[in-house]
Amino acid sequence: MLTKYWKQFKSGTDIRGVASEGVPGESVNLTDEAITKMTLGFVLWLSEKVGKAANQLTVAVGHDSRISADRIQADVTNALKRSGVHVLDCGLASTPSMFMTTVDLGCDGSVQITASHHPFNRNGLKFFTKDGGLDSPDIEAILLHAQEGHEPAKGEGSVETVHYMEQYSAHLRDMIQKGVNAQDYEHPLKGFKIVVDAGNGAGGFYARDVLAPLGADTTGSQFLEPDGMFPNHIPNPENETAMQSICAATVAAKADLGVIFDTDVDRGGAVDAKGDEINRNRLVAIASAIALEGNDSGTIVTDSITSSGLKTYIEKTLGGKHHRFKRGYKNVINEAIRLNKEGVNCPLAIETSGHAALRENYFLDDGAYLVTKIIIKMAQLRAKGETLESLLEPLAEPVEAKELRLPIQVEAFRECGEKVIAGLEAYAKERPGWEIAPDNHEGIRVSFGKDDGDGWFLLRLSVHDPIMPLNIESDTKGGVKQIALALYAYLRTSEGLDISPLENFLSEK
């Protein structure tokens with residue numbers, strides 16, 4: 001069993017920690033020693049996974065733009081070398097590209113040094129094999145090796161510098177050239193203006209190495225240069241400030257499309273020519289329309305907080321099936337893989353956070369790949385006199401939406417959260433007008449008719465934290481507060497749950 005010290009590094013299917021000084025109250029725990037031990041643990045795990053001795057392994061290593069990247073890359077590389085591993089040093093790279101080294105370069109595994117959209121002082125390790133990203137039990141096994149001091153036999157590995165991002169970019173360009181099918185094959189995006197916001201993360205390559213060579217005008221793109229302090233905005237398509245920034249930049253440039261990436265480019269978002277976000281439910285809708293082409297009646301797996309209007313769009317407008325599952329990008333990906341193995345035609349797994357994994361792309365959540373598919377779709381629509389906006393017109397969006405995060409104040413937070421949900425389910429069954437969703441896979445989702453709030457709420461337990469996120473949507477002005485007030489009658493009796501965020505919302509005028 002993992003001790004508290006090693007358990008602190010586990011963040012779902014990643015390893016994360018504090019890597020740099022600079023935030024009051026947060027001390028560095030992602031030390032050189034800890035990184036070395038975890039890397040050695042990965043070598044042991046990978047060796048067993050692929051059935052090769054450590055000195056027969058080839059592992060690619062890349063990093064995003066964080067200020068601690070060089071230090072951690074040196075630690076990881078040295079640990080791999082001393083185990084006899086042949087290391088491919090990919091330098092600044094996107095997370096999805098590091099998975100693709102197992103496909104294109106035949107690597108046995110890869111390591112990406114990243115903490116996604118988290119603050120500048122954080123960093124972490126993300127591992128891949130040709131089967132995809134590791135799952136939670138795999139991370140536990142690696143950390144257990146680190147905890148117990150297990151190490152592979154010492155060897156003499158080697159390091160080779162590889163500019164894999166060039167190959168990865170060329171693949172995306174090739175996709176656009178073939179997908180757009182323009183008369184000018186070399187410059188299929190000539191006449192399109194596309195603004196890119198990389199948030200000073202690893203995504204600047206997309207404007208420079210993918211769009212510009214294909215003839216796109218990328219004037220107005222911003223924050224393309226890597227800067228691990230992220231001085232302009234949080235590189236996160238879910239962040240309101242970040243989205244406002246790319247919306248404004250798209251309108252100012254009079255662009256056809258704006259795109260935005262998170263730090264390591266495993267997530268992307270977009271902005272249409274009017275400056276409206278193509279994010280969350282709208283992003284899921286666009287991705288579903290693309291994925292269902294050639295996959296009639298296919299199933300789209302999403303996370304649990306998607307809107308009722310999206311379900312109608314997928315099933316009525318697109319003719320697909322909507323399978324609402326749990327939050328967590330790895331959860332939706334694993335569910336899609338499971339469904340396909342059972343014979344269900346499932347071409348897409350996507351979370352409202354922007355993690356989108358297409359079956360045609362190894363079920364890899366890749367923001368650049370998704371944006372590339374959107375750009376191809378935009379060009380195809382223009383050829384028919386249509387737009388991305390017209391594709392989204394049938395999507396009914398809620399009049400109101402609210403997310404509240406309710407802290408759990410007891411140490412046994414998971415047990416407390418499960419008790420709250422079980423009690424709420426029993427409560428809901430006794431309430432007239434409360435309809436429990438039959439297709440929900442986490443927490444409890446309840447729908448209300450027009451007289452009772454005209455919407456729904458979902459209360460669930462956070463994947464990692466002592467938090468109960470509460471999402472409420474309504475198709476009527478004032479409906480969210482009506483639903484929140486009905487729910488408050490139950491939550492006010494729940495022990496161990498801090499409902500002050502809900503009370504504050506209800507008291508707002």
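What follows is calculated from the coordinates using simple rules that are stated; it is not laboratory data. Keep in mind it's a predicted model, so treat the numbers as computed, not measured. Glycine also receives a Cβ, built like all others from the backbone with ideal geometry; neighbour counts cover every protein chain displayed.
Going by a ≥ b ≥ c, the root eigenvalues of the Cα gyration tensor, does the stretch 4-162 fall in the rounded group (a/c under 1.5), the prolate group (a/b larger than b/c) or the oblate group?
Values: a/c = 1.57, a/b = 1.31, b/c = 1.20.
In terms of gyration-tensor shape, prolate.
Determine, for Arg71, Arg327, Arg382, the number of other Cβ atoms within 10 Å of each Cβ, and report the residues in order from fewest to most.
Values: Arg71 18, Arg327 23, Arg382 15.
Ascending Cβ contact count within 10 Å gives the list Arg382, Arg71, Arg327.
Looking at the chain, send over the antiparallel percent of its DSSP beta bridges, to the nearest 5. Could the numbers behind the result be given before it?
Numbers: 44 of 72 bridges.
Given both bridge residues lie in the chain, the antiparallel proportion sits at roughly 60 percent.
Run the reach check for Lys321 against lysines, Cα to Cα strictly under 19 Å, same-chain hits fewer than 8 apart removed. What comes back?
Lys311, Lys341
Take peptides 420-433, 277-290, 144-157 and line them up by average Cβ neighbours within 10 Å, highest first, as a rough protection proxy. If you can, show how the numbers build up before the last one.
Details: 420-433: 14.3, 277-290: 23.4, 144-157: 16.1.
In descending order of packing, they fall as 277-290, 144-157, 420-433.
Rounded, prolate or oblate for the stretch 89-162? Axes are the square roots of the Cα gyration tensor eigenvalues, ordered a ≥ b ≥ c, and the cut-off for rounded is a/c under 1.5.
On the way: a/c = 1.43, a/b = 1.08, b/c = 1.33.
It comes out rounded by the Cα gyration axes.
Using a/c under 1.5 as the rounded threshold, could you call the stretch 28-100 rounded, prolate or oblate? The axes a ≥ b ≥ c are square roots of the C-alpha gyration tensor eigenvalues, and prolate needs a/b larger than b/c, oblate otherwise. Mind showing how you got there, number by number?
Working: a/c = 2.01, a/b = 1.30, b/c = 1.55.
Oblate, since a/c reaches 1.5 and b/c is not below a/b.
Go through the stretch 266-280 residue by residue and turn each phi into a ³J(HN,Hα) via Karplus (6.51, -1.76, 1.60, θ = phi - 60°); whole Hz please, and just put x for glycine and proline.
Per residue, the Karplus-derived 3J(HN,Hα) values read 8, 10, x, x, 9, 9, 7, 5, 7, x, 8, 5, 10, 8, 6 Hz.
If you take every DSSP beta bridge whose two residues both sit in the stretch 167-392, what share of them, in percent to the nearest 5, is antiparallel? Intermediate values should be presented prior to the final figure.
Values: 11 of 24 bridges.
DSSP beta bridges in the stretch 167-392 are roughly 45 percent antiparallel.
Only Cα pairs under 8 Å and at least 6 apart count here; give the relative contact order of the chain as a rounded whole percent.
On the way: 1126 pairs, mean separation 54.3, N = 509.
It rounds to 11 percent for the chain.
Among the listed pairs Lys126/Lys373; Lys4/Lys49; Lys254/Lys330; Lys377/Lys450, give every one whose C-alpha distance is greater than 28 Å.
On the way: Lys126/Lys373 25 Å; Lys4/Lys49 26 Å; Lys254/Lys330 37 Å; Lys377/Lys450 37 Å.
In this structure, Lys254/Lys330; Lys377/Lys450 exceed 28 Å between Cα atoms.
Quick check: pseudo-label points 7 Å beyond the Cα along Cα→Cβ at Lys274 and Ala153, how many nm apart are they?
Spacing of the two 7 Å Cα→Cβ label points: 6.7 nm.
Residue by residue through the stretch 479-490, what is 3J(HN,Hα) from phi via Karplus (6.51 cos²θ - 1.76 cosθ + 1.60, θ = phi - 60°)? Round to whole Hz and write x for glycine and proline.
x, 4, 5, 5, 5, 4, 5, 5, 6, 4, 4, 8
Treat the count of other C-beta atoms within 10 Å as a stand-in for reagent exposure and order His86, His464, His355, His171 from fewest to most. Intermediate results must be reported in sequence, preceding the final value.
Values: His86 18, His464 11, His355 22, His171 15.
Result, fewest neighbours first: His464, His171, His86, His355.
Grab the other residues whose beta carbon is less than 12 angstrom from that of Tyr362, score K and R as +1, D and E as -1, and report the net. Display every interim value, and only then the final one.
Values: positive: Lys130, Arg359; negative: Asp104, Asp131, Glu360, Asp365, Asp366.
Residues near Tyr362 contribute -3 overall.
State which entries of Lys52/Lys326; Lys419/Lys481; Lys419/Lys509; Lys193/Lys477 exceed 26 angstrom in Cα-Cα distance in the structure shown.
Working: Lys52/Lys326 35 Å; Lys419/Lys481 24 Å; Lys419/Lys509 32 Å; Lys193/Lys477 37 Å.
Pairs exceeding the cut-off: Lys52/Lys326; Lys419/Lys509; Lys193/Lys477.
Can you tell me which aspartates and glutamates have their Cα less than 15 Å from the Cα of Lys402? Leave out same-chain residues fewer than eight positions away.
Excluding near neighbours in sequence, the set is Glu238, Glu240, Asp454, Glu473, Asp475, Glu503, Glu508.
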